[in-house]
Amino acid sequence: MLSKLIEIPINHISILNTGLVIVLDLSAPNELWFTLDTLLEVAQKCIQTAIQEAQHTDPQIKDKLQAAAWLRVGGEDHMDKDLMDLFLIPLIILGSKYDLFQSLDSEKRKTICKTLRFVAHTYGATLQFLSIKQEATLNKSRSLISHIIFGTALGKAMQVDHNKPLIVPAGLDSFQQIGNPPLEEEKLGRGRASDMKYCKTHFMAWMRHAHRSIMTPIELWKNAFTEIFPQESVKTPATVDDPAKDPQYAELAIDQLRLQKDQELERYRKLCERKMKEAQNKALQEGLVF
């Protein structure tokens, strides 16, 4: 159902003017990686589909998106250029419930912060933490959203201390500052321990070593994170594709109501698609350029 819904805003008509905001629950680290990974995967598929469809009328659209992505991180001369895999539309990762996150153990907070910084920097995303109970963090998040939507000015303030709410604008972090994932040396090197003494003191060498190893840097960070915070089983209601269809939780009255709502949602999705196509056809007839 998520993939069907996200296809509505991310499509070949709107792709040049679309951004993505992912909100994560910092107080639930045992669901954090699964949530982030799932949403990014779904969004990436929608973006690729939208690009393929848009290329029929704009063959250069992928190049345009790539150029805009590099501009967001400061240009193609970025020191980490060779190790980044930029998201093709503006991406914001917001860590919510920061007030509850503060009660976690210091080392756990550090691991969460470094992991999210690594993912955000890899994809050229902006990362911020917030809490509805802390007005200052809310104001900064509002300013960020306003910047993405309306192009308002945004400061270059940066905060990477794990004891404070993170503020990491796209492109201002670096893999050198983030450091290695919290894994044992043999897991970092995947059996190539001869390289690790050098890599421990030369981070960029480790990153390039990781690209040549069995696992990618993202996969190494995933392993490090999920060892400390085992993710919820896919069999639980929090993570299954559609827990409403799990026979273990069957209730006739509720299931019938859910079916009715699903049908209404599907009709709404088709209506949105039809209106979008009508708008596109009208624009083409009038000679408008999207």
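The values are calculated or read from the model by the stated rules, or taken from the named source; none is laboratory data. These numbers were taken from a predicted model, which means no experiment stands behind them. Neighbour counts run over all protein chains shown; Cβ positions are idealised from the backbone, glycine included. Heavy atoms of the whole protein, side chains included, go into the accessibility calculation; ligands, DNA and RNA do not. Shrake-Rupley method; radii C 1.70, N 1.55, O 1.52, S 1.80 Å.
Observations, loosely collected:
- Amide H contacts for residue 91 (H built 1.01 Å from N in the peptide plane; partners 5 or more residues away or on another chain; cut-off under 5 Å): 20, 126.
- Sequentially through the range 111-116, phi angles give Karplus couplings (6.51, -1.76, 1.60; θ = phi - 60°) of 5, 4, 4, 5, 5, 5 Hz, Gly and Pro residues having no value and appearing as x.
- Cβ-Cβ FRET estimate between residue 136 and residue 284, R0 fixed at 35 Å, reported to 0.05: 0.15
- Per residue value of the accessible surface for the range 1-124 (all protein chains in place, 1.4 Å probe), Å²: 46
- Exposure ranking of 98, 123, 268 by accessible area [1.4 Å probe, largest first]: 268, 123, 98
- Carbon + sulfur, % of accessible area of the range 1-59 - ligands and nucleic acids excluded, 1.4 Å: 54
- Area accessible to solvent at residue 216, 1.4 Å probe radius, in Å²: 60
- If you look at the Cα atoms of the range 62-185, you get an Rg and a Dmax of 14.8, 46 Å.
- Label-to-label distance, residue 85 versus residue 263, with points set 7 angstrom from Cα along the beta-carbon direction: 4.2 nm.
- Inter-label distance, nm, simple model (7 Å from Cα along the C-beta direction), residue 64/residue 183: 3.9
- Accessible-area rank, largest first, for 255, 105: 105, 255, with all protein chains present and a 1.4 angstrom probe.
- Inter-site label distance for residue 104 and residue 274 at 7 Å from Cα along Cβ, in nm: 4.6
- The 3J(HN,Hα) values that the Karplus relation (6.51, -1.76, 1.60; θ = phi - 60°) gives for the range 66-83 are, in residue order, 5, 4, 5, 5, 5, 4, 5, 9, x, x, 6, 8, 4, 4, 9, 3, 5, 10 Hz. Gly and Pro appear as x.
- Dipole of the range 1-94, positive end: most advanced residue of 47, 13, 88 [Cβ charges, Cα centre]: 13
- Here the mean projected area of the convex hull built on the C-alpha positions of the range 107-170 is 4.5 nm².
- Extension gain, residue 251 to residue 156: 0.36 nm times the residue separation minus the Cα-Cα distance gives 29.0 nm.
- Taking 1.567 mPa s as the viscosity and 4 °C as the temperature, the Stokes-Einstein diffusion coefficient of the range 1-123 based on its alpha-carbon Kirkwood radius rounds to 81 µm²/s.
- Exposure ranking of 79, 276, 84 by accessible area [1.4 Å probe, largest first]: 79, 276, 84
- The spacing between the range 2-35 and the range 90-148, judged by their C-alpha centroids, is 15 Å.
- Solvent exposure of residue 286, expressed as accessible area, is near 110 Å², computed with a probe of 1.4 Å over the protein chains only.
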